[in-house]
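Engineer: Got a structure for you, questions after.
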Amino acid sequence: METTTLFTIFISGLLVSFTGYALYTAFGQPPQQLRDLFEDHGD
């Protein structure tokens, strides 16, 4: 492979991994237990 192709693949991989990391830190882990607030209050 040419150097340009390898460099492009490397930069693309870095971009994808950085985007995934940024999304994970922005939104965090999903909560373990979800509550439905409408069902908690009833009618």
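Just so you know, all these numbers are worked out from the coordinates, no wet-lab data involved. Nothing here was measured: the structure is a model prediction, and the numbers come from that model. Glycine also receives a Cβ, built like all others from the backbone with ideal geometry; neighbour counts cover every protein chain displayed.
Engineer: Scan the stretch 1-10 residue by residue and report those that are surrounded by fewer than 10 Cβ atoms within 10 Å (Cβ to Cβ) and not hydroxyl-bearing (Ser, Thr, Tyr).
Structural biologist: Met1, Glu2
Engineer: Now, a different point. Could you grab me the full set of residues in the stretch 17-37 that are surrounded by 10 or more Cβ atoms within 10 Å (Cβ to Cβ) and among the β-branched types (Val, Ile, Thr)?
Structural biologist: Answer for the stretch 17-37, where residues must be surrounded by 10 or more Cβ atoms within 10 Å (Cβ to Cβ) and among the β-branched types (Val, Ile, Thr): just Thr19.
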